[in-house]
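The values are calculated or read from the model by the stated rules, or taken from the named source; none is laboratory data. Worth saying up front: this structure is predicted, and the values here are computed from it rather than measured. We place every Cβ from the backbone using ideal geometry, glycine too, and count neighbours over all the protein chains shown.
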Protein chains: 4
Amino acid sequence: MKIGVVGASGYVGGETLRLLVNHPEVEITMVTSRQHAGEYIHRVHPSLKGFTDLTFSELDYDKMSDKCDLVFTAVPHGTATEIVKTLYDRDIKIIDLSADYRLHDPKDYDKWYGWKHPHPDYLPKSVFGIPEMHREQIKNAQLVSCPGCMAVTSILALAPLIRNDLIDTEHIIVDAKIGSSGAGSGSGTAHAMRAGVIRPYKPAKHRHTGEIEQELSEIAGKKIHISMSPHAVDVVRGILCTNHTFMKNHIDEKELWKLYRQAYGEEKFIRLIRDKNGLYKFPDPKFIVGSNFCDIGFELDEDNNRLIILSASDNLMKGAAGSAIQNMNIMAGFDEMAGLKYTPLTPV
Amino acid sequence: MKIGVVGASGYVGGETLRLLVNHPEVEITMVTSRQHAGEYIHRVHPSLKGFTDLTFSELDYDKMSDKCDLVFTAVPHGTATEIVKTLYDRDIKIIDLSADYRLHDPKDYDKWYGWKHPHPDYLPKSVFGIPEMHREQIKNAQLVSCPGCMAVTSILALAPLIRNDLIDTEHIIVDAKIGSSGAGSGSGTAHAMRAGVIRPYKPAKHRHTGEIEQELSEIAGKKIHISMSPHAVDVVRGILCTNHTFMKNHIDEKELWKLYRQAYGEEKFIRLIRDKNGLYKFPDPKFIVGSNFCDIGFELDEDNNRLIILSASDNLMKGAAGSAIQNMNIMAGFDEMAGLKYTPLTPV
Amino acid sequence: MKIGVVGASGYVGGETLRLLVNHPEVEITMVTSRQHAGEYIHRVHPSLKGFTDLTFSELDYDKMSDKCDLVFTAVPHGTATEIVKTLYDRDIKIIDLSADYRLHDPKDYDKWYGWKHPHPDYLPKSVFGIPEMHREQIKNAQLVSCPGCMAVTSILALAPLIRNDLIDTEHIIVDAKIGSSGAGSGSGTAHAMRAGVIRPYKPAKHRHTGEIEQELSEIAGKKIHISMSPHAVDVVRGILCTNHTFMKNHIDEKELWKLYRQAYGEEKFIRLIRDKNGLYKFPDPKFIVGSNFCDIGFELDEDNNRLIILSASDNLMKGAAGSAIQNMNIMAGFDEMAGLKYTPLTPV
Amino acid sequence: MKIGVVGASGYVGGETLRLLVNHPEVEITMVTSRQHAGEYIHRVHPSLKGFTDLTFSELDYDKMSDKCDLVFTAVPHGTATEIVKTLYDRDIKIIDLSADYRLHDPKDYDKWYGWKHPHPDYLPKSVFGIPEMHREQIKNAQLVSCPGCMAVTSILALAPLIRNDLIDTEHIIVDAKIGSSGAGSGSGTAHAMRAGVIRPYKPAKHRHTGEIEQELSEIAGKKIHISMSPHAVDVVRGILCTNHTFMKNHIDEKELWKLYRQAYGEEKFIRLIRDKNGLYKFPDPKFIVGSNFCDIGFELDEDNNRLIILSASDNLMKGAAGSAIQNMNIMAGFDEMAGLKYTPLTPV
């Protein structure tokens, strides 16, 4: 399968390339970057030196149509709207890593992004790219939109609770912690001011809230509100979502594990973490880095009728490029794990 | 004033010494450590080289009675019970940095610590050492017990809301993030396994919950339950408490600021953080390190009727030794800021 | 091929397992750990959860003889001497990751390690495991001893200069910087005291000096002395060796690159780094992490006739487990890159 | 004493302000920043909130003449040439934190900075601001130029050896490691690409080489060449210089300590580090952070006749603002330690 990557100079684009160069079923045929056109890829992504001799090119739709069966778009939010539409109209399969085709309701772009979507008629064509929830739709999709990194990490944790109507949906708190690569390569804070932070940003109204509400509301069959607050912490990769929920009725630990095993027991990229002793009692992105896993675990707080669902992922893998490759594997009929059989890199 | 420090080889003891060597009103006369008796202090605390020529000695109560007007006890939880009692009986003033005299109700030691307090009759003699709440009692106390680092950071944030009966007390979530020095010098995880973590520990039933509930219940005049979940993150010093609360009635931002200014406008060690733009919109321990401040700020999430109160402190300063010195200043009638006029160290 | 790992609970053992579970040509049949016998591997190495259901067992030589064609020994220095000999006598192929069979001259164990080698007659049976230098010997070896992490990183950088007699051999300084995983899982400093260090340790007489001198002296045909000084820095994985050398005669940059291309142009795991602009002008372990590369580059300091050779590697990969797998591939006749086609993980 | 700071929005300017707000003998009267004119200082330097109500103003020489007895200039290299000259001509005392008046020989600006100095006649008016070497000159100077952070750290370590003619001056290697705050607030790399680096930059021809050569040559009475190579490591503050030297004749450890005690025994801001055991055997910036110390220690490598002199400092303190305040104290006749009695902040 011949693959193109649009906007490949950022962290997400680079991670997508990193996975593609070792993928057993594909060939990278075109990689675009306005800023770096003409340069070798390894000038921008030194870790790929020795893995590819490709150079970046300008985005040329005719060439792309000729050369690519499927294209990953990894451009900033807002700039994907036109690119994705143009590729779609040329019958190319697209996996979009921006937010531009994630939300189904055009009004949600006004609300969460502050701009009007220019192609609202294309939104229904896009499948929200969480295979663990929408695998069948993804199989036949021409356009898949990969979820936000905190969104997918939180949704996977909360979905089984919503599906089984176990929690008070008025008090769902997603307290997220995320590393600096989540900010994108264009907008990072300098090391001296970013190192050592535990910095709240957008404690209310963070954009990923919209995606989480969309997906959980769809499951619930009613509007669900999410109270999300992300924090920047001193790692490069990794997300932990501490999802604080309150149970409607008493439910014991055993039943909960059963529920999660039913939901995810067959899923290759979800690991349920339960250990009463030892090093790894709860999900921690430290033990996820470099892999496509989302680890999920929980703790019951009987004093407060609280259920804390913890979920961890690598924001550039399951939170972005890893999900994108997983979606490609499904769309193309490859083994879903092809090119994704990475263990976490520990310790790192 | 002649000062002793019992158990001065740990991080909290070391920080107490660090503040004492530069304090304008005191003289350190005795510093004990079983393990390091006979050694120079700077062998254990290299940063103090050049500031003191004292050596550690064994704990000898007779000598301590002779040499010290006031003693800081910085020994592990559970081992302070006897030491504090003995010093108390000898009419020495004590500032205890362990948890052993924080809780007023002996039963709370069973619940939160799993042991029976051997001297329950001494618990009423101890004042809970948050000057911003109990300044008058501290003035005349013989025994002050300094609060837990996450407890004080959270209590200061939440107290004004409880006092004014503004929030739903069934859904108070304290999502705390803390650095590695909080673990104490005896029990830290090796760097390779601790670096880069975002690790939940005790997502339910953390011991500091007991202190927070005690203090807030006292204000509320009824039992308050707190849903606390701490996380280890990759800093050495610093705590951020993200206190998620839900408002009973609508209240606007202006009123809230007024409320907090009323509560803390005169307090020297509490800074209210409000900035719509720029670097420092919300409290972040990055900008607290090395100082005795607790920074407090908030964000309103109108979609969910949620009020997120953010509070940040340095766990070894306001969270331990800084509070201890502040308490000493009050007990001794010194300027409350004496020996504590440190700016945060930024960037670090 | 059936593989055993002795001492698999440490960082190096864990990394060896991490590479073996995804290696296309081998099956892990026995994994020993005294401390963890009976436990699942993923209890100790959480990142391997989902990749193997093996448990640790006690070291039983009879079972090992039955079950394993080749064994990796990853036990602490000094404890491998007996284990390796016993396995050797049972005709098992061994790749030793300790220092116990690295040095050819028994007297060097007195000098660098302070103990007398109990089996000096086995030292000649061991091949020093740098494929780029001893590939032919490794092919036919029963026992290969993997080099120290700083040693291999430095030797690969310096060997071409020594081979071509270009530098003053009285003034070779190896200033090494290394991450915390190099300390091993048993002996790491707690995070609060290790984070943020730039800490010299053993500025003279570090043990790896012995290996570097052995290998370079063999090339030079005369005794070479190395002035080595390692430093602990705040990363988990990674080594940078700044090899300061002084040129005998003037030599220009072009000639030097030619020399290094001749030496390593065909080597799959050595990358020569040369870029006048951009992000990656010199080797930096940041862009190596998780891969088996040793990146080499240099800078000429004409003012001082100095040639600075820079070399970077991942201490757990090329510096330990990666080299071990590379050696196994050669011994077993597999593709030398089998199971090692990892890109660096960037950014991390 | 009335103090102005020109260019106070960067890290060095901020650190200078941090020290000034708590200095017992001075009053800050004017603080300039083109970019932030009109804003409160704590908008840019949040750690100063509560310590000053000053705002930034434009640089106005007339007002500055009226309001200030002494001015710190903390602007980027190259932009201080005019500002310093103008202030000098107005008879204001100046402490310059740029490199623009450090080098005595105008030709050195061509060589190390690549530009011609516009006011070479002012270079002789400037005293190189290391009190431990030029205290008497500083006392009477109108213009003092503070040394570069790596330069002062290295010079203090090497000076006694040069003065006593103990080392081979053809082979002096300064291998420096430095934190991200050394890059200045305007030019830092984003966290995701800077975290975890061990990155060589300018392994030859780094600008600080010029200062070190100037100062050591002056002592030696002949031209000394320095082989300097700096590296960026993952700390925010701190420098370690590993100064590798080769001894002319044998000298034992005792004599060396005597020599260093003679050189620095009376110096308040130099600590000699010698401990055979324990945590702190060699200088490490970890134990310096926040203080004005330069810690010096060494190790003898008899195998190679090598003497490794290790020196550590905080690049924003002794390496910049701390030295600046120390120089001010001397120029103004204050206690040399006034406003600088800070212990290091440990652990941080």
Residue satisfying condition, being assigned by TED's automatic domain parsing to the domain that holds B:Gly221 and out of contact with any Cys (no Cβ under 9 Å at 6 or more places or on another chain), within set B:Thr73, B:Thr169: B:Thr169
Only one of D:Gly278, D:Gly339 that is of a type outside the set (Ser, Thr, Tyr), facing another protein chain (nearest Cβ under 8 Å), on the phi > 0 side of the Ramachandran plot and out of contact with any Gly (no Cβ under 8 Å at 6 or more places or on another chain): D:Gly278
1 or more residues more than 20 Å from A:Thr245 (Cα to Cα): qualifying strands (runs of 3 or more DSSP E) within the stretch B:194-255: B:227-233, B:239-246
Any hit, the stretch C:113-125, residues being among the hydrophobic types (A, V, I, L, M, F, W, C), over 18 Å from the mean Cα position of the chain (by Cα) and in a helix (DSSP H, G or I): yes
In the stretch D:36-64, residue nearest to B:Glu267 (Cα to Cα) [restricted to those that are small (Gly, Ala, Ser) and modelled with pLDDT of 95 or more]: D:Gly38
Unmet criterion (only one of (1) buried (at least 24 other Cβ atoms within 10 Å of the Cβ); (2) within 22 Å of the chain's Cα centre (by Cα)) for B:Ile224: (1)
Boolean, D:Lys276 is over 21 Å from B:Tyr11 (Cβ atoms), surrounded by fewer than 24 Cβ atoms within 10 Å (Cβ to Cβ) and not assigned by TED's automatic domain parsing to the domain that holds D:Ser98: yes
Only listed residue being crowded, with 22+ Cβ neighbours inside 10 Å and part of a loop (DSSP other than H, G, I, E, B), chosen from A:Val71, A:Val75: A:Val75
Lone unmet requirement of (1) within 12 Å of another protein chain (Cβ to nearest Cβ); (2) touching a residue at least 40 places away in the same chain (Cβ under 8 Å) for C:Leu259: (1)
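Residue by residue, here is whether (1) touching a residue at least 60 places away in the same chain (Cβ under 8 Å); (2) within 13 Å of chain D (Cβ to nearest Cβ); (3) over 24 Å from the mean Cα position of the chain (by Cα) holds:
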{"site": "B:Tyr11", "(1), (2), (3)": "yes, yes, no"}
{"site": "B:Leu17", "(1), (2), (3)": "no, yes, no"}
{"site": "B:Met30", "(1), (2), (3)": "no, no, no"}
{"site": "B:Gln35", "(1), (2), (3)": "no, yes, yes"}
{"site": "B:Glu39", "(1), (2), (3)": "no, yes, yes"}
{"site": "B:Leu54", "(1), (2), (3)": "no, no, yes"}
Any hit, the stretch C:262-270, residues being closer than 27 Å to C:Leu143 by Cα, within 21 Å of the chain's Cα centre (by Cα) and of a type in the set (A, V, I, L, M): yes
Single residue of the stretch B:84-105 satisfying the filter (assigned to a helix (DSSP H, G or I) and of a type in the set (Ser, Thr, Tyr)) that is farthest from B:Ile138 (Cα to Cα): B:Thr86
Flag if B:Gly290 is at pLDDT 95 or above and closer than 22 Å to B:Arg18 by Cβ: yes
Among (1) within 18 Å of B:Asn243 (Cβ to Cβ); (2) part of a helix (DSSP H, G or I), the one test that B:Pro147 misses: (2)
Meets criteria (at pLDDT below 95 and small (Gly, Ala, Ser)) for A:Ala183: yes
Check on D:Gly265, without any contact (Cβ under 8 Å) to a residue 12 or more places away in the chain and either among the basic types (Lys, Arg) or within 11 Å of another protein chain (Cβ to nearest Cβ) (or both): no
Residue match in the stretch C:308-321 (condition: at the interface with chain D (Cβ under 10 Å from one of its Cβ atoms), charged (D, E, K, R) and either surrounded by fewer than 22 Cβ atoms within 10 Å (Cβ to Cβ) or part of a loop (DSSP other than H, G, I, E, B) (or both)): no
Options C:Asn140, C:Asn164; residue that is at pLDDT 95 or above, closer than 21 Å to C:Arg102 by Cβ and either basic (Lys, Arg) or over 19 Å from the mean Cα position of the chain (by Cα) (or both): C:Asn140
Scope the stretch A:290-307; condition touching an Asp or Glu at 6+ places or on another chain (Cβ under 9 Å) and more than 10 Å from chain B (Cβ to nearest Cβ); matching residues: A:Gly290, A:Ser291, A:Asn292, A:Phe293, A:Cys294, A:Asp295
Residue within the stretch A:135-152 that is surrounded by fewer than 20 Cβ atoms within 10 Å (Cβ to Cβ) and within 14 Å of chain B (Cβ to nearest Cβ) present: no
Selection from the stretch B:129-144 of residues that are under 14 Å from B:Ala324 (Cα atoms), assigned to a helix (DSSP H, G or I) and not aliphatic (A, V, I, L, M): B:Pro131, B:Glu132, B:His134, B:Arg135, B:Lys139
Some residue of the stretch C:179-192 being in a strand (DSSP E or B) and free of Cβ contacts under 8 Å to residues at least 12 places away in the same chain: yes
The stretch D:140-168 residues that are over 22 Å from D:His77 (Cβ atoms) and of a type in the set (Asp, Glu), paired with ones that are at pLDDT 95 or above and surrounded by fewer than 24 Cβ atoms within 10 Å (Cβ to Cβ) (beta carbon under 8 Å, 6 or more apart): D:Asp165/D:Ala220; D:Asp165/D:Lys248; D:Asp168/D:Thr245; D:Asp168/D:Phe246; D:Asp168/D:Met247; D:Asp168/D:Lys248
Residue in the stretch D:81-92 that is surrounded by 23 or more Cβ atoms within 10 Å (Cβ to Cβ) and either away from chain B (no Cβ under 14 Å) or of a type in the set (D, E, K, R) (or both) present: yes
Residue in the stretch D:234-256 that is farthest from the chain's Cα centre (by Cα), counting only those that are among the hydrophobic types (A, V, I, L, M, F, W, C) and within 12 Å of chain B (Cβ to nearest Cβ): D:Val235
Number of positions in the stretch B:178-205 that are closer than 29 Å to B:His104 by Cα and buried (at least 21 other Cβ atoms within 10 Å of the Cβ): 7
Residues (more than 17 Å from C:Thr346 (Cα to Cα), in contact with a Ser or Thr (Cβ under 8 Å, 6 or more places away or on another chain) and part of a loop (DSSP other than H, G, I, E, B)) located in the stretch A:8-57: A:Ser33, A:Gln35, A:His36, A:Ala37, A:Gly38, A:Glu39, A:Phe56
Tally of residues being surrounded by fewer than 16 Cβ atoms within 10 Å (Cβ to Cβ) and more than 15 Å from D:Glu82 (Cα to Cα) across the stretch D:107-134: 5
